[in-house]
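Before any comments, here is the structure.
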Amino acid sequence: MNRSPKLAIIGAGLGGTACAALMAKAGLNVKVYEQAPAFSRLGAGIHLGPNVMKIMRRIGIEDELNRTGAHPDYWYSRDGITGDVLAQIPLGDYALSHYGASYLTVHRGDFHKLMTDALPPGILEFNKKLDKVEDRGDDVLLTFTDGTTETADIVIGADGINSKIRDSLLGAELPIYSGYVAHRAVFPTPVDSGALPFDMCCKWWAGDRHMMVYFVTSKRDEIYYVTGVPEESWDMSKSWLPCTKDEMRATFDGWHSSVQALIEGTEEVTRWPLLEREPLPLWSRGRLVLLGDACHPMKPHMAQGAAMAIEDAAMLLRCFQELGFSDHSAVFDLYKANRAERASKVQLVSHNNTWLRTNENPDWCFGYDVFNEPLVSAPAH
Ligand code: FAD
């Protein structure tokens, strides 16, 4: 590989942090700029499939993650009213032997912290909100809202659904409100779980809504739920709103006693709009390239949004390693050729909210190994 250019990542969310960790581990010259002053342990959980855990192995935090998170034996889908099993997808030991890595559910904040701690010192800068990006041909000028500037050879937009880098490639445009909200709550596991023992990972489905439930710690002492519930409109100036137990009781009135027990155990619950974009026609231009929600935001119903951002990061590194640094357009074309189809498929299945509702084979998703998939060539221009 020829000389490493100066890489700047905008946004240290799950995709940007994974990207910085992978690039630094590969010996590249990378910095990541994050608008937030610091990160806190926000109330949310996340699934990490074997497709992500193989990337965490590369970053060096697989073992610690395995110690931190819960290892569900199965993904259950159950009827929200009767509790009948609709699907039972093997994870646990099966994931290890069949996919070569574990399937975890974990607190999102714990996961983010482990990745952030894996970064070499001095790589991540907080309080750096990108205001303007200018591709000057030979380099890129980044201007932050605090008035400071930086230059970089390559800029990776990992700045989420309202990405400035996306805006600069395609023009400013609000994401699409999907007509659904998600309620999210993390709280100590209730002792009384209704008629059924809590499954380690269960999606309750009935009518036009669902509730996904899983543990977020290895001790199973914290549990998380996230819903999908139709709501006609959303005020796009609000990124989330508080919600009450009464609202939850009304939303899931008549549902199974396990769901009721979860609602009663809730300490604090919030309501989030589910936002999407159509697949973007452009993933890069000049020295700018996108990854994760900046590029393909989706409804969270496959629990694979962050996974796609992290896979993007790993594939981008792989393409640099494959082609070197002298022709970044060729690298970006190869990257898109190897990511767009999979990311769009995950976007579509997430949109339709059909994933694992009935017994189906999830190998195409969980079995994907970004480091060993055969690369497809970029189409000729
Ligand atoms: P983000 O995580 O949004 O990070 C973007 C970062 O960029 C942020 O830190 C932000 O502060 C920073 N930033 C933004 N603008 C600027 C700027 N101008 N300058 C500097 N920094 C900036 N995915 C899963 O894989 N599994 C799950 O179980 C799962 N559950 C979900 C549940 C819900 C309810 C939702 C809404 C999403 C869920 N997702 C899940 C999806 C997942 O959260 C996202 O896909 C993922 O966070 C995208 O990562 P990202 O790094 O691209 O963007």
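Residue check: is SER77 open to solvent by 60 Å² or more (accessible area, probe 1.4 Å), more than 12 Å from the ligand (Cβ to nearest atom) and not in a loop (DSSP other than H, G, I, E, B)? Considered against the rule, which asks whether it is open to solvent by 60 Å² or more (accessible area, probe 1.4 Å), more than 12 Å from the ligand (Cβ to nearest atom) and not in a loop (DSSP other than H, G, I, E, B), SER77 comes out as no.
What are the residues in the range 21-37 that are within 11 Å of the ligand (Cβ to nearest atom) and not acidic (Asp, Glu), if any? Answer for the range 21-37, where residues must be within 11 Å of the ligand (Cβ to nearest atom) and not acidic (Asp, Glu): VAL32, TYR33, GLN35, ALA36, PRO37.
Here's the yes/no breakdown for (1) in contact with a His (Cβ under 9 Å, 6 or more places away or on another chain); (2) more than 7 Å from the ligand (Cβ to nearest atom):
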{"position": "PRO273", "(1), (2)": "no, yes"}
{"position": "PRO279", "(1), (2)": "yes, yes"}
{"position": "LEU282", "(1), (2)": "no, yes"}
{"position": "ARG285", "(1), (2)": "no, yes"}
{"position": "ALA294", "(1), (2)": "no, no"}
{"position": "PRO300", "(1), (2)": "no, no"}
{"position": "GLN304", "(1), (2)": "yes, no"}
{"position": "LEU316", "(1), (2)": "no, yes"}
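Residue-wise test of (1) touching a residue at least 60 places away in the same chain (Cβ under 8 Å); (2) surrounded by fewer than 23 Cβ atoms within 10 Å (Cβ to Cβ); (3) part of a helix (DSSP H, G or I); (4) of a type in the set (Val, Ile, Thr).
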site: GLN260; (1), (2), (3), (4): yes, yes, yes, no
site: THR270; (1), (2), (3), (4): yes, yes, no, yes
site: VAL289; (1), (2), (3), (4): yes, no, no, yes
site: SER329; (1), (2), (3), (4): no, yes, yes, no
site: PHE332; (1), (2), (3), (4): no, no, yes, no
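Evaluation of ILE310 against the conditions (1) within 16 Å of the ligand (Cβ to nearest atom); (2) open to solvent by 10 Å² or more (accessible area, probe 1.4 Å); (3) not in a loop (DSSP other than H, G, I, E, B) shows that the sole unmet condition is (2).
The condition of being part of a strand (DSSP E or B), modelled with pLDDT of 95 or more, under 19 Å from ASP293 (Cα atoms) and within 14 Å of the ligand (Cβ to nearest atom) holds for SER178. Number of residues in the range 350-368 that are open to solvent by less than 30 Å² (accessible area, probe 1.4 Å) and assigned to a helix (DSSP H, G or I): the value is 3.
Checking the stated criteria, THR227 turns out not to satisfy the condition of being within 16 Å of the ligand (Cβ to nearest atom), in a loop (DSSP other than H, G, I, E, B), in contact (Cβ under 8 Å) with a residue 12 or more places away in the chain and among the hydroxyl-bearing types (Ser, Thr, Tyr). Going by the conditions given, is PHE325 modelled with pLDDT under 95 and of a type in the set (Phe, Trp, Tyr)? Considered against the rule, which asks whether it is modelled with pLDDT under 95 and of a type in the set (Phe, Trp, Tyr), PHE325 comes out as yes. PRO72 - would you say it is within 15 Å of the ligand (Cβ to nearest atom), in contact (Cβ under 8 Å) with a residue 12 or more places away in the chain and either of a type in the set (Gly, Ala, Ser) or over 28 Å from CYS295 (Cβ atoms) (or both)? When the stated conditions are applied, PRO72 passes them.
Listed here are the residues, each with its yes/no results for (1) within 30 Å of LYS164 (Cα to Cα); (2) open to solvent by 10 Å² or more (accessible area, probe 1.4 Å); (3) assigned to a strand (DSSP E or B).
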{"position": "ALA20", "(1), (2), (3)": "yes, no, no"}
{"position": "MET23", "(1), (2), (3)": "yes, no, no"}
{"position": "LEU42", "(1), (2), (3)": "yes, yes, no"}
{"position": "MET56", "(1), (2), (3)": "yes, no, no"}
{"position": "ASN66", "(1), (2), (3)": "no, yes, no"}
{"position": "TYR94", "(1), (2), (3)": "no, yes, no"}
{"position": "THR105", "(1), (2), (3)": "no, no, yes"}
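If you check PHE126 against the conditions, is it crowded, with 21+ Cβ neighbours inside 10 Å and either closer than 29 Å to THR217 by Cβ or away from the ligand (no atom under 13 Å from the Cβ) (or both)? For PHE126, the condition - crowded, with 21+ Cβ neighbours inside 10 Å and either closer than 29 Å to THR217 by Cβ or away from the ligand (no atom under 13 Å from the Cβ) (or both) - is not met. Filtering the range 143-191 to residues that are surrounded by fewer than 20 Cβ atoms within 10 Å (Cβ to Cβ) and in contact with a Ser or Thr (Cβ under 8 Å, 6 or more places away or on another chain) leaves THR143, THR149, TYR177, PHE187. When ALA12 is tested against (1) closer than 14 Å to GLY157 by Cβ; (2) hydrophobic (A, V, I, L, M, F, W, C); (3) surrounded by fewer than 18 Cβ atoms within 10 Å (Cβ to Cβ), exactly one condition is not met: (3).
Among the residues of the range 149-167, the one identified as more than 11 Å from the ligand (Cβ to nearest atom), among the hydroxyl-bearing types (Ser, Thr, Tyr) and touching a residue at least 40 places away in the same chain (Cβ under 8 Å) is THR151. So the check is Cβ under 6 Å with 6+ separation or different chains; which pairs have a first residue in the range 39-61 that's within 14 Å of the ligand (Cβ to nearest atom) and at pLDDT 95 or above and a second one that's part of a loop (DSSP other than H, G, I, E, B) and open to solvent by 10 Å² or more (accessible area, probe 1.4 Å)? So the pair list comes out as HIS47/ALA303; ASN51/TYR368.
Among the residues in the range 297-305, are any free of Cβ contacts under 8 Å to residues at least 60 places away in the same chain, open to solvent by 10 Å² or more (accessible area, probe 1.4 Å) and more than 26 Å from SER168 (Cα to Cα)? Within the range 297-305, none of the residues are free of Cβ contacts under 8 Å to residues at least 60 places away in the same chain, open to solvent by 10 Å² or more (accessible area, probe 1.4 Å) and more than 26 Å from SER168 (Cα to Cα).
Taking ARG249 as the residue in question, decide whether it is of a type in the set (Lys, Arg), modelled with pLDDT of 95 or more, open to solvent by 20 Å² or more (accessible area, probe 1.4 Å) and under 30 Å from ASP153 (Cβ atoms). Judged against the criteria, ARG249 is not a match.
Restricting the range 221-261 to residues that are aromatic (Phe, Trp, Tyr) and touching a Pro at 6+ places or on another chain (Cβ under 9 Å) leaves a set whose member that is farthest from ILE176 (Cα to Cα) is TRP240.
The values are calculated or read from the model by the stated rules, or taken from the named source; none is laboratory data. Only a predicted model underlies this, so the values are computations on that prediction, with no experimental measurement involved. All Cβ positions, even for glycine, are placed from backbone atoms using ideal geometry, and neighbour counts span all protein chains on display. Surface areas here come from the heavy atoms of the whole protein model, side chains and all, with no ligands, DNA or RNA. Shrake-Rupley method; radii C 1.70, N 1.55, O 1.52, S 1.80 Å.
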